[in-house]
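First up is the structure itself, then whatever we jot down about it.
The values are calculated or read from the model by the stated rules, or taken from the named source; none is laboratory data. Remember, it's a predicted structure, so these values are computed and weren't measured experimentally. All Cβ positions, glycine included, derive from the backbone under ideal geometry; neighbour counts span all protein chains shown.
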Amino acid sequence: MSAYTTREYANMHLIYGECRCNASTAARLYRERYPNAARYPDHRVFTNVHRLLFSKSHFPNHEYGGGRPANPMEDEMLEAVEEDPSTSVRAIEITTGVPKSTAHRILKRYELHPYHV
């Protein structure tokens, strides 16, 4: 399921209930109600949202897992970069123990660039 906002999921679920749990009709009605939406959900999204809401009591979103877990050394690594912006990923690996590939990924996430000698 692609990530929609919580408001979009709520609207989908309301429309799904309004259509008496008919996902195809709900998808059609969603297109009519929100003609300027960036993307339109497939009928399966409506059933998945409904199922997840009743089984786990939340809408699908990024707050509940998914993706790679945060590295516990991330804060220490960012502090090292803040203290010395000219530090390299190799130096980060030596001082913090964070592998170079992970250091690159974390720096990229925060739009920072490694220093090259």
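Here are a few things to note about the model shown:
- Test for GLU8: is it more than 19 Å from the chain's Cα centre (by Cα) and either in contact (Cβ under 8 Å) with a residue 40 or more places away in the chain or part of a helix (DSSP H, G or I) (or both): no
- 1 or more residues of a type in the set (Asp, Glu) and at pLDDT 85 or above: qualifying helices (runs of 4 or more DSSP H) within the range 70-117: 74-83, 89-96
- Selection count, the range 88-110, where residues are surrounded by fewer than 17 Cβ atoms within 10 Å (Cβ to Cβ), farther than 13 Å from MET73 by Cα and not basic (Lys, Arg): 4
- Residue selected from the range 26-42 under the condition assigned to a loop (DSSP other than H, G, I, E, B) and out of contact with any Lys or Arg (no Cβ under 6 Å at 6 or more places or on another chain), by the criterion surrounded by the fewest Cβ atoms within 10 Å (Cβ to Cβ): ASN36
- Answer residue from the range 41-59, given it is at pLDDT below 90 and of a type in the set (Ser, Thr, Tyr) and is farthest from TYR9 (Cα to Cα) among those: SER55
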